[in-house]
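Since the structure comes first, as structure tokens, the remarks are kept for the end.
The values are calculated or read from the model by the stated rules, or taken from the named source; none is laboratory data. If you're wondering where the values come from, they're calculated on a predicted model, not measured in any experiment. FYI the Cβ positions are ideal-geometry reconstructions off the backbone, even for glycines, and counts take in every protein chain you see. Surface accessibility is based on the protein's heavy atoms, side chains included, excluding ligands, DNA and RNA. Shrake-Rupley method; radii C 1.70, N 1.55, O 1.52, S 1.80 Å.
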Protein chains: 2
Amino acid sequence: MTFQTVARAFPVSSISPVSRCVSFCVRRFCEKNPTKLRVSEALLGAEVGEDVRVQGWVRSYRPQKNNLFLHVNDGSSLKSLQVVAPAGISDPLLTFGCAVEVKGILKKSPHSKQPVELEAKQIQVIGECNPVDFPFKIKERHSLEYIRQFPHLRCRTNAFSSLLRIRSEATAAIHSYFKSNGFLQIHTPTITSNDCEGAGELFQVEPPGTTFAEEGSFFSVPVYLTVSGQLHLEVMSGAFSRVYTFGPTFRAENSQSRRHLAEFFMVEAEISFTESIEDLTKVMEDLFRSVTESVLDHCEEDVDLFHKHVAPGHRDTVDDALKKTRFPVITYTEAIDVLKRSSEHFTFPTDWGCDLMTEHEKYLVKHCGNIPVFVTDYPYDLKPFYARDNQDHPKRTAAAVDLLVPGVGELCGGSLREERLSLLRSRLQECGLEENYSWYLDLRRFGSVPHGGFGLGFERYLQCILGVDNIKDVIPFPRFSHSCLL
Amino acid sequence: MTFQTVARAFPVSSISPVSRCVSFCVRRFCEKNPTKLRVSEALLGAEVGEDVRVQGWVRSYRPQKNNLFLHVNDGSSLKSLQVVAPAGISDPLLTFGCAVEVKGILKKSPHSKQPVELEAKQIQVIGECNPVDFPFKIKERHSLEYIRQFPHLRCRTNAFSSLLRIRSEATAAIHSYFKSNGFLQIHTPTITSNDCEGAGELFQVEPPGTTFAEEGSFFSVPVYLTVSGQLHLEVMSGAFSRVYTFGPTFRAENSQSRRHLAEFFMVEAEISFTESIEDLTKVMEDLFRSVTESVLDHCEEDVDLFHKHVAPGHRDTVDDALKKTRFPVITYTEAIDVLKRSSEHFTFPTDWGCDLMTEHEKYLVKHCGNIPVFVTDYPYDLKPFYARDNQDHPKRTAAAVDLLVPGVGELCGGSLREERLSLLRSRLQECGLEENYSWYLDLRRFGSVPHGGFGLGFERYLQCILGVDNIKDVIPFPRFSHSCLL
């Protein structure tokens, strides 16, 4: 058997070869180009016995006495394809992290660890990877903190590529849930001239070199990055009975917390002709359940990686949530009673009228059996102008609801919206906002209907089902104060 | 038969009634609440003979001698449900544009115009709509220009609600195409510190009151709204062989054109292990075909509205494109020859090395039979630093490709990317960008593979298949210079 080094052999007609491409011919392999398979396709084993070709990156490299074993991964699954080649191949370019094309025969594997393996006839290094400079090392398990330093490379680790597959699947499941339930997807805008929704600190937008106060600014008015698509969805609620949006939202909060980002993704839905807050909690719960079941179903190995190595035992928490027929519902007033009666020492006050803080939310979740719990009917004065007045007393509340979940606290927030023109106008007048929101009042002037909606923080959702402690580890390119890499 | 006015009768337990809700009881109707149907469900006719309840907005109001005819629409389809009630109902609140709940018996319609109609037992006005103030008038066909003035209300017109249904369906079809072809969806960031991709004018982002030059700015570095997710997708191309993104992108171009927006949606895909530019054109064409077929299939009536009333005859153009087995491919050099030989008078020069302008693109499309056409291998100097050098001469070109389409001109732009470290480094040095893009060079240092990708302007796609002349009419909330309404 001879080993032939085929320099400049990259089998691409219109692409000129690159000098670092070197191939190892195990035996002469002059047949026409064999079928190209993705790793996930090869692992299914339908092509056992056939000549195939697989492209990917080397995730492990293990020379033994008679054979060399490689694991090749192309991102199509967590599992890599085992490649077996005769020992003796020792070209320095064939390293952990390099890109290869392997041609050979797909065989049933003699070992139970994998269903198939690829008996290599030719291994070609397409792109080298200097193991000294490459920040990830073979056989080392790097922490999420460590890989976070390399936002341009961390997708090449098992953990982060699993996260990205789960994120993609969860995204698809969200769209699928809404589509099959008759919701129309609306692309709400990122740039908005609404400046006072009360949802947090804003980012302002202008071409560089422009003073924001200038009359001649780009949009003629000050504009901001959206903090929520809700008001724009409410526009649509005057013509469609179910709408949703799913996209980036922004907060200029100077926070380094494990739960906050300056740019994060939010799912928001708005439902017309609501009869009570249960019209919202039902959709929130169904969405959570449907998406989680879909992710567990379609990303079993990827989710297992998190539940085994990142948050051991977390799977039970997820299963407990799914087992519950209906998530418990308590009012804010009941929640305050629970907090006041508890022996826990809280940093923040638990008096009626105070906002629930993360410490309170986490306590309430534990109190209810460590499962998701809805808290409804918050103090009217805590909620933004659009929340519907319950017109109760002596403790005046709004028809608002939060979904609190294990590990994370607040996952969703929603409310029925004030659809009654006179009440909404009074509230806007009190807040000094009537002029800016005349268009919003128009929605109540012309064919107003009872409606409501909610937002779900997508990154918090991923933290919740995977048990990931830091929100920066569930988004491809995290943005937060003092950090915007790439 | 008596007519009973049931004020404060909105049948909602936890929602207190609103005084403007008035209902008309045609006959006593005390049975338990009948099944709630969406208009699209009612039109299917499965519940003929049953008591049902439908909620929506009145799109037409036609009192006749014996009967009153209403059309009620809830956005679930272009078609409204015809409601028939005894004549004599003349409450001033029951007007064009008001919101109603109708209870009654679903019947087979005696007229061929609609399959079913709802014989009303009770019609309740949920939200009134003063016809004097409401900017849309019954039976008037308002122009797209007119309704554009009312971004908060235009979804209540037939044309714009059709557009939104088509947009939602096209979005779903795009996700579906990529998912079923093994592409992973990546949420590329909106805020980025990349400032020089050469794709156009940038918007800068900061919390209000901050000077951009300040050391202590929010992100510590100047940040911008993304002009493309490409570079972030290329990060992922080092671990996944097929990725895509679909989200908002931004240009601070001071343009009032019918083809440009400051915020628009872009579909971008990146494919690893490419062998030639055909790996890109195949995906671009398949995507166009698959999404268009899905839209024509699922939104037949909505699309017909555009092809009948907005762009008569445009359907033939769309069908011609779909009929073509493969879209023609010409090189830039061939395109220049065609332009030079033509007798057309162009405003801009057509010399080799000049960029193709919209007038040229539209001419080339016509020249090829008014179907989509790919133009490949543009002058190297016209393309950004990442485009792959074809290393040809004497006319040096890059492996770039645009898809030009009828009516619109450029719909997609893409290229193979320079994956060869030494060539890319030289180019970045020439442009003075090496320091800022050291992370991008890293992608070529560690397991680089031949790859390429493209972007498709989603609004232009909608213009192209619907024949809509102005891009502001295919996006829910258009943003352009001097305009950011809502």
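What are the label-to-label distances in nm, one decimal and shortest first, from A:Cys354 to the same spot in the other copies, with labels 7 Å along Cα to Cβ?
Taking the point 7 Å beyond Cα along Cα→Cβ, the inter-copy spacings are 7.3 nm.
Expressed as a whole percentage, what fraction of the accessible surface of the protein assembly as shown belongs to carbon and sulfur atoms when a 1.4 Å probe is rolled over the protein heavy atoms?
49 percent
Using a 1.4 angstrom probe on the protein heavy atoms only, could you order A:His360, A:His314 from most to least accessible area?
A:His314, A:His360
Ordered shortest first, which distances in nm separate the 7 Å Cα→C-beta label point of B:Asp469 from those of the other copies?
Copy-to-copy label distances at B:Asp469, shortest first: 6.2 nm.
Among B:Leu153, B:Leu280, B:Val205, whose Cα lies farthest out toward the positive end of the dipole of chain B, if unit charges sit on the beta carbon of Lys, Arg (+1) and Asp, Glu (-1)?
The one lying farthest along the dipole's positive direction is B:Leu153.
Between the label point of A:Asn130 and that of the same position in each other copy, find the distances and list them shortest first in nm, with every label point placed 7 Å from Cα along the Cα-to-C-beta direction.
Those label-point separations list as 7.5 nm.
Once you charge only the Cβ atoms, +1 for Lys and Arg and -1 for Asp and Glu, what is the size of the charge dipole of the range A:35-127 about its Cα centre, to the nearest 20 debye?
In debye, rounded to 20, the range A:35-127 gives about 220.
Using the Karplus equation 6.51 cos²θ - 1.76 cosθ + 1.60 (θ = phi - 60°), what ³J(HN,Hα) coupling, rounded to whole Hz, does each residue of the range A:306-312 give in order, writing x for Gly and Pro?
Values, residue by residue: 5, 6, 9, 9, 9, 9, x Hz.
Rounded, prolate or oblate: which one fits the range B:361-462, using the alpha carbon gyration tensor with axes a ≥ b ≥ c (rounded when a/c is under 1.5, else prolate when a/b beats b/c, else oblate)?
prolate
Any idea how far the Cα center of the range A:228-266 sits from the one of the range A:119-186, in Å?
Taking the Cα centre of each part, the range A:228-266 and the range A:119-186 sit 25 Å apart.
Give, in whole angstrom and from largest to smallest, the semi-axes √(5λ) of the equivalent ellipsoid of the protein assembly as shown, with λ running over the eigenvalues of the Cα gyration tensor.
Its equivalent ellipsoid spans semi-axes of 50, 35, 28 Å.
What whole-number value in Å² describes the accessible area per residue of the range B:350-486 for a 1.4 Å probe?
I get 31 Å² per residue for the range B:350-486.
Per-residue accessible area for A:Trp57 at 1.4 Å probe radius, Å² rounded to 10?
Counting only protein heavy atoms, the figure is 10 Å².
For the range A:51-157, report the accessible area per residue in Å² (1.4 Å probe, heavy atoms, rounded to an integer).
Result: 41 Å² of accessible area for each residue.
In whole Hz, with x marking every Gly and Pro, tabulate ³J(HN,Hα) for the range A:166-171 from phi via Karplus 6.51 cos²θ - 1.76 cosθ + 1.60, θ = phi - 60°.
3J(HN,Hα) across the range A:166-171, in whole Hz: 5, 4, 5, 5, 5, 4.
Can you find, among B:Ile465, B:His111, B:Val267, the residue farthest towards the positive end of the dipole of chain B? Put +1 on the C-beta of Lys and Arg, -1 on that of Asp and Glu.
Final value for the positive-end residue is B:His111.
Counting only protein heavy atoms and rolling a 1.4 Å probe, how much accessible area do A and B lose on contact, total for both sides, in Å² to 100?
The summed interface area works out to 9500 Å².
Over chain A, what is the relative contact order in percent, taking alpha-carbon pairs closer than 8 angstrom and at least six residues apart?
Contact order relative to length: 12 percent.
Would you mind telling me the antiparallel percentage of the DSSP bridges in the range A:315-433, rounded to 5?
Rounded to the nearest five, the antiparallel share is 80 percent.
I want the local charge near B:Ser168. Using Cβ-Cβ distances under 12 Å, sum +1 for each Lys or Arg and -1 for each Asp or Glu among the other residues.
So the surrounding residues net to +2.
Rounding to the nearest 20 debye, state how big the charge dipole of the range B:155-473 is about its Cα centre with +1 on each Lys and Arg Cβ and -1 on each Asp and Glu Cβ.
480 debye
Once you average over the residues of B:68-81, how many Cβ atoms of partner chains fall within 10 Å of each Cβ?
Per-residue shielding by partner chains comes out at 2.
Based on Cβ point charges of +1 for Lys and Arg and -1 for Asp and Glu, what charge dipole magnitude is obtained for the protein assembly as shown about its Cα centre, in debye rounded to the nearest 20?
2260 debye
Work out from phi, with θ = phi - 60° and the Karplus expression 6.51 cos²θ - 1.76 cosθ + 1.60, the ³J(HN,Hα) of each residue of the range B:377-390, listed in order in whole Hz, and give x for Gly and Pro.
6, 6, x, 3, 6, 7, 9, x, 4, 8, 6, 6, 5, 6
List for the range A:269-301: residues with 50 Å² or greater reduction in accessible area, all protein chains versus chain alone, probe 1.4 Å?
Checking the loss per residue gives A:Phe273, A:Glu275.
Please check the range A:135-165 for residues whose accessible area, probe 1.4 Å, is lower by 30 Å² or more when all protein chains are in place than in their chain alone.
Flagged in the range A:135-165: A:His152, A:Cys155, A:Arg156, A:Leu164.
On a 21 Å Cα-Cα criterion, which of the cross-link pairs A:Lys103/B:Lys282; B:Lys179/B:Lys282; A:Lys108/A:Lys139 come out too long?
A:Lys103/B:Lys282; A:Lys108/A:Lys139
Give the residue from A:Trp439, A:Asn370, A:Ser77 lying farthest towards the positive end of the charge dipole for chain A; charges sit on Cβ (+1 for Lys and Arg, -1 for Asp and Glu) and the dipole is referred to the Cα centre.
Most positive-ward Cα: A:Ser77.
In chain A, if every C-alpha pair distance is counted and binned at 20 Å from zero, what percent goes to each bin?
20, 44, 26, 10, 0
Could you report the accessible area of A:Asp377 in Å², rounded to 10, computed with a 1.4 Å probe on the protein chains as they sit in the structure?
Accessible area of A:Asp377: about 40 Å².
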